[in-house]
């Protein structure tokens, strides 16, 4: 790599105000040209677009899960390779690519031995994800947890109460790859990048129907899903899919690569074999 552009969100997770200077130091130590961008509030999307359009050898993202997902989606399979460094809370994509390295360790490793690698992903309602998506009421626990981590106790309690109230009141209907319709509390979709049930080059998503039978099961399932241990949950049934449709009586709560969001009452799912190019490390 001769030129690397870095986008750092100093307000995100584990980044902090000293990160830009530290990132510049690591670039200098490795003899790589580049700049560190610190977009302010409301400037992130424009900054991502400008940096990606400048066609550097790679774009390093030091921010949270939402920014990492947005950068990978914006660059796509034809743009510059993206290195999502662990600067957020869950760091789903960074962990999938670089393990438990700190952002400094991951950045140095990418500059030393990183190489472009095509990564597959999934799409829900036109939005891409590269690690996992959760659709349904267990996704509401992410909002409660984020409020608790921010020290907003009242908001965390309110969101936890809302998650309990939504349990069993908004079940999902779905059909996958033309198979018969099903009904479930939630669906989890896992990409080949992290799925232990799929080969890395397999052209499908791992899908699990999560169907608990009590509020206690919902709580356990929400915790297991957020911690990545949902396969072990007794209410889970597994499968694979390339395309699908999911619908409900109201808006569908969801988490895409750690980013909570609310989707329309009907959404379409599909597997994307060439989603974006990542800066990958040798296995």
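A few notes on this one:
- Packing rank of 31-43, 268-280, where each peptide gets the mean count of other beta carbons within 10 Å, highest leading: 268-280, 31-43
- Protection proxy ranking, peptides 180-191, 112-123, average beta carbon neighbours within 10 Å, highest first: 180-191, 112-123
- Where N is the number of residues in segment 3-113, Cα Rg divided by 2.2 N^0.38 Å: 0.94
- Gyration tensor verdict on segment 68-125 (Cα atoms; rounded if a/c is under 1.5, prolate if a/b is larger than b/c, oblate otherwise): oblate
- Packing-based exposure ordering (other Cβ within 10 Å, fewest first) of 177, 65: 177, 65
Read-outs: derived from the displayed coordinates by stated rules, not from any lab. Please read these numbers as outputs of a predicted model, since none were measured by experiment. Positions of Cβ are backbone-derived with ideal geometry, glycine not excepted, and every protein chain shown enters the neighbour counts.
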